[in-house]
Amino acid sequence: MFAWFDAASAKNFGAELARYFIERAPSAERNNDKKFERKTKKTLDSMAMQAREYTRANPLNIYKRAQLLNQFKWTLKEAAFDDAYIDKMTRWLMAIL
């Protein structure tokens, strides 16, 4: 029963995924630039693949999923991304999971 609440791995993956995005797309202000959009698409495709692999190996219950998404969101927030952009990215990740 306690394993249901053990979300440490999910939280670590959420932070890792956000750091992966931050390294490859450091500026949310440039999200209207075509080159930035192409680069971001490649990064998002890679992130989607990582997320699918993670969830295949580590099934997520609703609590673990929420913890992963929350950690992802706060890691982007700490990197000073725009709140609207963070929400957009978090909704994207929620759809992938």
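The values are calculated or read from the model by the stated rules, or taken from the named source; none is laboratory data. Predicted model only: the values in this text are computed from it and were never measured. Backbone-built Cβ (ideal geometry, glycine too); neighbour counts: all protein chains shown. We work out accessible area using only protein heavy atoms, side chains counted, and drop any ligands, DNA or RNA first. Shrake-Rupley method; radii C 1.70, N 1.55, O 1.52, S 1.80 Å.
A compact table of results
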{"quantity": "The lone exception for Glu16 - which of (1) under 18 Å from Arg91 (Cβ atoms); (2) open to solvent by 50 Å² or more (accessible area, probe 1.4 Å); (3) modelled with pLDDT of 95 or more it fails", "calculated": "(1)"}
{"quantity": "Condition broken by Pro59, with the remaining ones in (1) open to solvent by 80 Å² or more (accessible area, probe 1.4 Å); (2) more than 16 Å from Arg19 (Cα to Cα); (3) within 12 Å of the chain's Cα centre (by Cα) satisfied", "calculated": "(3)"}
